[in-house]
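What follows is a short report on a single structure.
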Amino acid sequence: MNNQTVVIIDEEMLDATTQAARESPRGRKNRNFHPDDNFPSHRLLNAIEPGSYVAPHRHLDPGKDETMLVLRGRMGLVIFEDDGTVRQAVCLAAGSRKMGVDIPHGCWHTVLGLVSGTVFLEAKAGPYVALNEAERASWAPLEGDAAVKNYLAELETLFSQPDRG
């Protein structure tokens with residue numbers, strides 16, 4: 001047997017990641033299981049609080065499909081057309097009929113924390129590479145922009161209605 005440590009994902013880990021997200025100015029926090037950004041397989045917990053803004057984006061690299069599975073709470077998933085029109089808005093919730101998603105590369109998307117304490121498991125190929133201009137949605141505000149508050153409120157209204165997909 002090798003000397004690698006087996007990591008158990010438990011309520012304490014979810015609580016600690018949630019607390020770190022609550023204390024973060026961005027309202028979200030990762031707990032990575034991969035050793036560094038260059039590792040070929042990225043696996044992480046992602047805690048996201050209501051009000052956190054993940055700018056709509058896509059990953060163009062054919063190896064950058066991503067999978068998300070909600071472990072606790074409720075998360076809004078929004079899929080967009082190339083022009084920013086909402087194609088699909090789905091509430092994903094731990095223990096529900098819709099609890100996760102596999103997003104193919106090239107697909108415009110964002111996620112929203114719908115309740116406090118939301119944590120999801122995310123998996124995608126590494127290494128980490130910052131988004132390039134073609135992967136950022138020109139039709140949505142960038143994080144930190146003054147328009148984020150209104151845009152995020154608009155996205156949140158998608159989840160006060162029944163699922164659109």
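Counting only residues that are touching a Lys or Arg at 6+ places or on another chain (Cβ under 9 Å), surrounded by fewer than 16 Cβ atoms within 10 Å (Cβ to Cβ) and under 22 Å from residue 36 (Cβ atoms), region 115-139 holds 2 of them. Does region 72-81 contain at least one residue that is farther than 24 Å from residue 19 by Cα and surrounded by fewer than 16 Cβ atoms within 10 Å (Cβ to Cβ)? For region 72-81, residues farther than 24 Å from residue 19 by Cα and surrounded by fewer than 16 Cβ atoms within 10 Å (Cβ to Cβ): present. State all residues of region 140-156 that are under 18 Å from the mean Cα position of the chain (by Cα), aliphatic (A, V, I, L, M) and open to solvent by 60 Å² or more (accessible area, probe 1.4 Å); if no residue qualifies, say none. Residue satisfying the conditions is 142 alone.
The set of residues in region 37-49 being farther than 16 Å from residue 17 by Cβ and either open to solvent by less than 10 Å² (accessible area, probe 1.4 Å) or assigned to a loop (DSSP other than H, G, I, E, B) (or both) consists of 37, 38, 39, 40. Scanning region 17-36 for residues that are within 19 Å of residue 141 (Cα to Cα) and surrounded by 15 or more Cβ atoms within 10 Å (Cβ to Cβ) yields 27, 28.
The values are calculated or read from the model by the stated rules, or taken from the named source; none is laboratory data. Here the structure is a predicted model, which is why all the values come from computation and not from measurement. As a convention, Cβ positions derive from the backbone with ideal geometry for all residues, glycine included, and neighbour counts pool all protein chains shown. Keep in mind that these areas ignore ligands, DNA and RNA; they rest on the heavy atoms of the full protein, side chains included. Shrake-Rupley method; radii C 1.70, N 1.55, O 1.52, S 1.80 Å.
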